[in-house]
């Protein structure tokens with residue numbers, strides 16, 4: 001991204017910021033300090049209060065870059081790239097944090113029946129959404145790679161932190177869980193440094209902690225998934241939570257009048273289609289919310305609700321393509337878009 005574009009984003013963020021999936025609603029405050037960086041394939045913004053020194057910001061973004069360098073499929077030297085290169089050949093020993101994230105990813109694959117699957121890499125590469133060669137693959141192309149998407153072929157050895165994709169051509173993609181882990185790590189660094197409250201937004205993976213100066217809940221606007229960025233369909237009020245959205249608007253393209261988004265159904269190899277346009281989760285651990293929001297989106301409303309019931313304290317906002325909204329009972333949500341209705 002060019003420098004002038006970065007400056008433009010920073011100016012937008014400084015008051016009433018716009019981020020990739022969700023954005024904060026807050027008033028500009030001269031005592032507030034923020035830092036933005038391009039990392040994890042998106043604009044990451046961290047706002048610290050009280051003890052928000054340069055050293056704390058440096059530690060946070062150093063850790064985020066470290067996670068990217070270890071977990072990105074776009075960095076040839078990353079642990080994930082090394083695992084993919086060795087698919088069907090041998091196990092690869094990885095850093096402890098990479099193993100932790102992959103282990104957690106497999107857990108969510110298991111409990112969701114494969115609706116979330118970290119071995120989705122071959123399908124992601126085939127479609128290329130967001131890249132220069134994005135296109136709708138043929139049914140034959142999808143059929144050829146779909147058998148490689150199977151978390152049962154992901155072997156983990158906790159004693160050696162080794163990961164083995166047992167079939168040649170398999171590929172991990174941690175894009176639906178790594179940002180959540182990075183957001184949790186950023187929050188942990190800030191807390192250990194004595195920061196009393198913070199807003200962390202890693203491309204829409206939001207972590208809020210501490211109490212606002214006026215003692216009111218944080219207000220977070222949920223992006224209207226079918227409108228321009230910055231248009232909200234409603235506002236959440238919450239405290240000390242992480243907020244993560246999976247929606248059809250983050251990465252997509254259109255071909256022959258049809259919208260193709262980046263959230264794939266591992267059982268079909270196509271973007272998930274079940275009437276949902278976004279799912280927003282409100283819970284305590286951003287890594288879990290990241291994977292869980294994808295799983296719920298793919299499962300659809302009914303099966304998704306049943307999965308969420310196994311995670312006490314997790315709330316959700318569902319937006320549908322008929323412009324209806326459903327929420328779980330504990331959500332403090334105010335509808336702002338008159339085109340939508342709450343069921």
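I'm trying to understand the selection: among the residues of region 148-173, which are part of a helix (DSSP H, G or I) and surrounded by 17 or more Cβ atoms within 10 Å (Cβ to Cβ)? If the condition is that a residue be part of a helix (DSSP H, G or I) and surrounded by 17 or more Cβ atoms within 10 Å (Cβ to Cβ), then 148, 151 are the ones that fit. Here is the figure for region 15-49: residues that are modelled with pLDDT under 80 and either assigned to a loop (DSSP other than H, G, I, E, B) or not assigned by TED's automatic domain parsing to the domain that holds residue 242 (or both) total 15. Taking region 39-66 as the range and being under 20 Å from residue 287 (Cα atoms) and touching a strand residue (DSSP E or B) at 6+ places or on another chain (Cβ under 9 Å) as the test, the residues that pass are 39, 40, 42, 43, 44, 45, 46, 47, 60, 61, 64, 65. Just so you know, in region 208-235 the residues that are in a strand (DSSP E or B) and over 18 Å from the mean Cα position of the chain (by Cα) include one that is nearest to residue 287 (Cα to Cα), and it is 209.
When we screen 301, 252 for residues that are surrounded by fewer than 20 Cβ atoms within 10 Å (Cβ to Cβ) and within 18 Å of the chain's Cα centre (by Cα), the only hit is 252. Looking across region 107-136, the residues that are within 17 Å of residue 171 (Cβ to Cβ), assigned to a loop (DSSP other than H, G, I, E, B) and in contact (Cβ under 8 Å) with a residue 24 or more places away in the chain come down to 114, 116, 117, 118, 119, 120, 129, 130. Given the criteria under 18 Å from residue 112 (Cβ atoms), touching a residue at least 12 places away in the same chain (Cβ under 8 Å), under 14 Å from the mean Cα position of the chain (by Cα) and surrounded by 20 or more Cβ atoms within 10 Å (Cβ to Cβ), does residue 272 qualify? No: the conditions fail for residue 272.
Among the residues of region 187-199, none qualifies, meaning not one is under 30 Å from residue 122 (Cβ atoms) and part of a strand (DSSP E or B).
Going by what's in this entry, would residue 212 be described as at pLDDT below 95, under 28 Å from residue 336 (Cα atoms), surrounded by 15 or more Cβ atoms within 10 Å (Cβ to Cβ) and assigned by TED's automatic domain parsing to the domain that holds residue 62? Yes, satisfied. Considering the conditions (1) at pLDDT 95 or above; (2) surrounded by fewer than 21 Cβ atoms within 10 Å (Cβ to Cβ); (3) assigned to a loop (DSSP other than H, G, I, E, B), residue 66 is excluded by exactly one of them, (3). Being out of contact with any helix residue (DSSP H, G or I) (no Cβ under 9 Å at 6 or more places or on another chain), surrounded by 20 or more Cβ atoms within 10 Å (Cβ to Cβ) and within 20 Å of residue 271 (Cβ to Cβ) is a description that does not apply to residue 295.
Quick grid of which residues meet (1) assigned by TED's automatic domain parsing to the domain that holds residue 193; (2) at pLDDT 95 or above; (3) buried (at least 20 other Cβ atoms within 10 Å of the Cβ); (4) more than 21 Å from residue 41 (Cβ to Cβ):
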{"position": "51", "(1), (2), (3), (4)": "yes, no, no, yes"}
{"position": "56", "(1), (2), (3), (4)": "yes, yes, yes, yes"}
{"position": "61", "(1), (2), (3), (4)": "yes, yes, no, no"}
{"position": "83", "(1), (2), (3), (4)": "no, yes, yes, no"}
{"position": "117", "(1), (2), (3), (4)": "no, yes, yes, no"}
{"position": "132", "(1), (2), (3), (4)": "no, no, no, no"}
{"position": "135", "(1), (2), (3), (4)": "no, no, no, no"}
{"position": "146", "(1), (2), (3), (4)": "no, yes, no, yes"}
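Applying the criterion of at least 3 residues that are under 20 Å from residue 137 (Cβ atoms) and modelled with pLDDT of 95 or more to the strands (runs of 3 or more DSSP E) found wholly in region 240-342 leaves an empty list.
The values are calculated or read from the model by the stated rules, or taken from the named source; none is laboratory data. This is a predicted model, so every value here is computed, not measured. Neighbour counts run over all protein chains shown; Cβ positions are idealised from the backbone, glycine included.
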